[in-house]
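The values are calculated or read from the model by the stated rules, or taken from the named source; none is laboratory data. Treat the numbers as computed from the prediction; the structure is a model and nothing was measured. Every residue, glycine among them, receives a Cβ derived from its backbone with ideal geometry; neighbour counts consider all protein chains shown.
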Amino acid sequence: MMPSAVSDAALNNYINSYKDDVPVTAKWTDVGILKSLKSLEQIAKSGVYQKGYLGMDLDQATAYFTSGKSCLLLGGTWMPGGAFEADTKAGTMKFSPGFAVLPSVVTGAKSTFTPYYGDAFGVPTKSKNREWALELLRYSVSDEGQRIGVLEASGNFPAVTTVPKSAYTKIPKSVLDVLAHVEEYGAKSGWTSEVPGAYGQAFLNPLIQRLQEGKTTPAKIAKDLQAELLKVRKNGL
């Protein structure tokens with residue numbers, strides 16, 4: 001919701017303003033953030049989620065969906081080639097899911113797909129085999145490495161744009177539908193996947209859970225986020 005609730009310039013500032021050399025031009029108490037938080041609060045209060053959802057992990061929630069006990073799952077494009085495929089083969093998933101984006105909280109604004117950039121590879125600075133590790137990284141992002149390790153192994157999109165679309169033979173239709181949506185409407189980064197985890201997910205997720213439990217308010221979360229931003233800018237991570 002957040003990416004379509006604020007301007008592109010504001011989103012870019014939210015992503016980068018934790019750095020003390022980037023001026024703060026977008027505040028967490030701004031209207032787009034408050035609207036997004038209020039929408040999350042309203043969804044939780046309306047009874048959309050299944051009973052006990054706050055105590056479920058991802059695997060439990062996925063199983064609840066694939067077995068037909070819930071009609072929507074907040075998930076990602078890794079699921080069709082993973083859990084969905086496995087449960088379909090096991091016979092516990094008997095339908096072909098589509099996908100939808102959450103509606104924008106701003107009237108007239110188009111909702112965009114929000115990619116998550118959380119997975120990354122790195123080489124320890126004290127590794128005894130750095131050259132071999134770097135060679136593995138180079139192969140991983142090569143066309144062949146992406147075709148074999150990403151497309152064919154899991155049915156996911158490659159991380160590079162040089163793999164021809166003719167190789168996309170094992171990507172599920174629902175994932176191709178996501179690609180078509182992105183090509184038409186674009187995509188905007190998710191804030192928690194762009195900023196350091198200690199500043200993003202680790203701080204925000206507990207606040208969202210408290211919001212869903214009715215133990216805090218959108219205005220309080222917005223103030224907490226603004227205070228955390230100023231704290232990180234002053235003291236670092």
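When the residues of segment 141-166 are filtered to those that are farther than 21 Å from Met79 by Cα and hydroxyl-bearing (Ser, Thr, Tyr), which remaining residue is surrounded by the most Cβ atoms within 10 Å (Cβ to Cβ)?
Ser142
For Tyr64, work out the one condition from (1) assigned to a loop (DSSP other than H, G, I, E, B); (2) more than 29 Å from Thr169 (Cβ to Cβ) it doesn't fulfil.
Tyr64 satisfies every listed condition except (1).
Please count how many residues of segment 30-54 are loosely packed, with under 12 Cβ neighbours inside 10 Å and part of a loop (DSSP other than H, G, I, E, B).
4
Tell me, yes or no, whether segment 180-194 has at least one residue that is of a type in the set (Gly, Ala, Ser), under 23 Å from Tyr117 (Cα atoms) and free of Cβ contacts under 8 Å to residues at least 12 places away in the same chain. Don't jump to the end; show me each part of the working.
In the first step, residues of segment 180-194 are kept if they are of a type in the set (Gly, Ala, Ser); the result is 180, 186-187, 189-190, 193.
Still in the list and also under 23 Å from Tyr117 (Cα atoms): 180, 186-187, 189-190, 193.
Keeping just the survivors that are free of Cβ contacts under 8 Å to residues at least 12 places away in the same chain gives 180.
Yes - at least one qualifying residue is present in segment 180-194.
Can you give me the number of residues within segment 131-176 that are of a type in the set (Lys, Arg) and at pLDDT 90 or above? Spell out the reasoning first.
Within segment 131-176, the first condition is being of a type in the set (Lys, Arg), and the residues that meet it are 138, 147, 165, 170, 173.
Restricting the remaining residues to those that are at pLDDT 90 or above gives 138, 147.
Number satisfying all stated conditions: 2.
Taking the options Thr66, Thr77, Thr125, Thr88, name whichever one is in the same structural domain as Ser7 (by TED's automatic domain parsing), polar (S, T, N, Q) and either in contact with a His (Cβ under 9 Å, 6 or more places away or on another chain) or at pLDDT below 85 (or both). Please lay out each step first, then the result.
Working: Thr66 fails: either in contact with a His (Cβ under 9 Å, 6 or more places away or on another chain) or at pLDDT below 85 (or both); Thr125 fails: in the same structural domain as Ser7 (by TED's automatic domain parsing); Thr88 fails: either in contact with a His (Cβ under 9 Å, 6 or more places away or on another chain) or at pLDDT below 85 (or both).
Only one candidate passes the filter, namely Thr77.
For segment 102-127, what are the residues that are touching a helix residue (DSSP H, G or I) at 6+ places or on another chain (Cβ under 7 Å), part of a loop (DSSP other than H, G, I, E, B) and either of a type in the set (Asp, Glu) or within 18 Å of Val178 (Cα to Cα) (or both)? It would help to see each step written out before you state the result.
Restricting attention to segment 102-127, the residues satisfying the condition of being touching a helix residue (DSSP H, G or I) at 6+ places or on another chain (Cβ under 7 Å) are 104-106, 109-114, 116-118, 121, 123, 127.
After this cut, where a residue has to be part of a loop (DSSP other than H, G, I, E, B) as well, the list is 104-106, 109-112, 114, 116-118, 121, 123, 127.
Matches in segment 102-127: Ser104, Lys110, Ser111, Thr112, Thr114, Tyr116, Tyr117.
Tally time: how many residues in segment 211-237 are surrounded by fewer than 17 Cβ atoms within 10 Å (Cβ to Cβ) and part of a loop (DSSP other than H, G, I, E, B)?
Of the residues in that region, 6 qualify.
Run Arg130 past the list (1) free of Cβ contacts under 8 Å to residues at least 24 places away in the same chain; (2) surrounded by fewer than 16 Cβ atoms within 10 Å (Cβ to Cβ); (3) within 16 Å of the chain's Cα centre (by Cα) and report the number of the one that doesn't hold.
Tallying (1) free of Cβ contacts under 8 Å to residues at least 24 places away in the same chain; (2) surrounded by fewer than 16 Cβ atoms within 10 Å (Cβ to Cβ); (3) within 16 Å of the chain's Cα centre (by Cα), Arg130 fails exactly one: (3).
Starting from segment 40-54, keep only residues that are in the same structural domain as Pro206 (by TED's automatic domain parsing), then list their pairs with residues that are among the hydroxyl-bearing types (Ser, Thr, Tyr) whose Cβ atoms are within a distance under 6 Å, requiring at least 6 positions of separation or different chains.
Gln50/Ser70
Give the residue, chosen from Ser189, Ser174, Ser96, that is closer than 27 Å to Val6 by Cα, among the small types (Gly, Ala, Ser) and touching a helix residue (DSSP H, G or I) at 6+ places or on another chain (Cβ under 9 Å).
Ser189
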